[in-house]
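Visitor: One structure coming up, written as structure tokens, with questions to follow.
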Amino acid sequence: MNEVDKILTEQDKKIIRALQNGLPLVTRPYQSIAEELEMTEDELVEKIRSFITDGKIRRFGATVRHFELGFVANAMVVWDVPEEKVSETGRIMAGFKEVTHCYRRPRRPGWPYNLFTVVHGQSREYCAGIAKRLSRATGVTNYSLLYSTAELKKSSMRYFE
Amino acid sequence: MRLDKIDRKLLNLVQEKFPLLSEPYRKLGEIIGISEGEVLARLKQMQDEGVIRRLGAVFESRKLGYSGTLCAMRVEPDRVDEVAAIINSFPGVTHNYLREHQINIWFTVLAGSEDELGEILNLMREKTGIREIMELPAEEVFKIKVNFSLS
């Protein structure tokens, strides 16, 4: 039995499977899902709250397609940051509203970059301008912009299936 | 799709504060000043047009016991479609982007365990004939934001 089997019951997994289909557009969406799961609406809402509290649900709300909203340029900006400065630099970059993702990742042979940010914007020039501002704010000057030219796949994970 | 002022308000609201109440769409309508029926109609249209991908829970894969990583590959331009089709055929691959760089295919993959993740990557190597898949797992997360604020 692994860690997760200990913390997630079969019923929890059933609930997660049902929730990943999304909420239906009906007056009482929680009631509708709860019925399928043979539980009450209140029990389901409580369960969702507890999943939010313990971090299993990161966010509860709509997921949007940014391209359709006019955020057509998407650049991954990768940074070569001295090890001792990564945490501080990551926190500064995360503070910019234009930065949607910011992670530390390992360096690899031929790949010197260890801090990854994603910037979405209306144009490439806009993304490049943000990268310049991030560079100025942190003093990190060795970086590279990787623009996306095609979205080859974007889907929601199906857990426990 | 052209979004009017009410659509934008609604979209900002449903990304950030989706009500955990018996009748959430009625509540959203009350906040914005439109009827429940209009909220449902607008959300349905935004879903149909692909602006909204899904309503509801975004799960934290690690807290559900899943392992994941960002991966990158260098693929010859004339093989991109074929290789992407192989990579995308794995259900754990949730995002895949073609990027302007020598290392041009960037995807994320999730699996039920570290072992399973390793097996998937080995299968990808086998099926594509490309040995080099750079694995770049997140070691520290400073931000994951998925809200797009519309003015």
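The values are calculated or read from the model by the stated rules, or taken from the named source; none is laboratory data. Just so we're clear, the structure is a prediction, and the values are computed from it rather than from any experiment. Because the Cβ atoms are built from the backbone with ideal geometry, glycine has one as well, and the counts that use them run over all protein chains shown. Side chains are part of the model used for accessible areas, which takes the heavy atoms of the whole protein and leaves out ligands, DNA and RNA. Shrake-Rupley method; radii C 1.70, N 1.55, O 1.52, S 1.80 Å.
Visitor: Can you pull out every residue in region B:42-80 that is closer than 23 Å to B:L98 by Cα and of a type in the set (A, V, I, L, M, F, W, C)?
Guide: Hits for region B:42-80 are B:V51, B:I52, B:L70, B:C71, B:A72, B:M73, B:V75, B:V80.
Visitor: Going by the conditions given, is A:G90 small (G, A, S) and buried (at least 22 other Cβ atoms within 10 Å of the Cβ)?
Guide: Against the criterion (small (G, A, S) and buried (at least 22 other Cβ atoms within 10 Å of the Cβ)), A:G90 qualifies.
Visitor: Which residues, counting only those in region B:78-107, are within 18 Å of A:F160 (Cα to Cα) and in contact (Cβ under 8 Å) with a residue 24 or more places away in the chain?
Guide: Within region B:78-107, B:F90, B:G92 meet the criteria.
Visitor: Out of curiosity, is B:D48 farther than 30 Å from B:R125 by Cα, of a type in the set (D, E) and out of contact with any helix residue (DSSP H, G or I) (no Cβ under 8 Å at 6 or more places or on another chain)?
Guide: It is true that B:D48 is farther than 30 Å from B:R125 by Cα, of a type in the set (D, E) and out of contact with any helix residue (DSSP H, G or I) (no Cβ under 8 Å at 6 or more places or on another chain).
Visitor: Still on this structure: Go through the residues of region B:1-8 one by one and say whether even a single one is within 7 Å of chain A (Cβ to nearest Cβ), without any contact (Cβ under 8 Å) to a residue 60 or more places away in the chain and in contact with a Ser or Thr (Cβ under 9 Å, 6 or more places away or on another chain).
Guide: No, every residue in region B:1-8 fails to be within 7 Å of chain A (Cβ to nearest Cβ), without any contact (Cβ under 8 Å) to a residue 60 or more places away in the chain and in contact with a Ser or Thr (Cβ under 9 Å, 6 or more places away or on another chain).
Visitor: Report yes if A:R17 is of a type in the set (K, R), facing chain B (nearest Cβ under 9 Å) and either open to solvent by 60 Å² or more (accessible area, probe 1.4 Å) or out of contact with any Asp or Glu (no Cβ under 8 Å at 6 or more places or on another chain) (or both), otherwise no.
Guide: So A:R17 fails the test.
Visitor: Okay, moving on. What number of residues in region B:27-48 are facing another protein chain (nearest Cβ under 7 Å) and out of contact with any Phe, Trp or Tyr (no Cβ under 6 Å at 6 or more places or on another chain)?
Guide: Here the count works out to 2.
Visitor: Return the only residue of A:T40, A:T89, A:T53 being over 18 Å from A:P24 (Cα atoms) and touching a helix residue (DSSP H, G or I) at 6+ places or on another chain (Cβ under 7 Å).
Guide: A:T89
Visitor: Taking B:I130 as meeting all but one of (1) open to solvent by 10 Å² or more (accessible area, probe 1.4 Å); (2) part of a strand (DSSP E or B), write down the number of the exception.
Guide: (2)
Visitor: In addition: Taking region A:20-59 only, how many residues are within 10 Å of another protein chain (Cβ to nearest Cβ), open to solvent by 70 Å² or more (accessible area, probe 1.4 Å) and modelled with pLDDT of 95 or more?
Guide: 4
Visitor: Identify all residues within region B:72-117 that are within 17 Å of the chain's Cα centre (by Cα) and polar (S, T, N, Q); write none if there are none.
Guide: B:N88, B:S89, B:T94, B:N96, B:T108
Visitor: How many residues, within region A:117-129, are touching a Cys at 6+ places or on another chain (Cβ under 8 Å) and more than 14 Å from A:F96 (Cβ to Cβ)?
Guide: Within region A:117-129, residues that are touching a Cys at 6+ places or on another chain (Cβ under 8 Å) and more than 14 Å from A:F96 (Cβ to Cβ) number 0.
Visitor: Residues being within 22 Å of the chain's Cα centre (by Cα), more than 30 Å from B:N88 (Cα to Cα) and outside any helix (DSSP H, G or I): count how many of those fall in region A:132-154.
Guide: Going through region A:132-154 one residue at a time, the tally reaches 0.
Visitor: Tally up the residues in region B:81-99 that are more than 16 Å from B:M134 (Cβ to Cβ) and either hydroxyl-bearing (S, T, Y) or more than 8 Å from every other protein chain (Cβ to nearest Cβ) (or both), please.
Guide: 7
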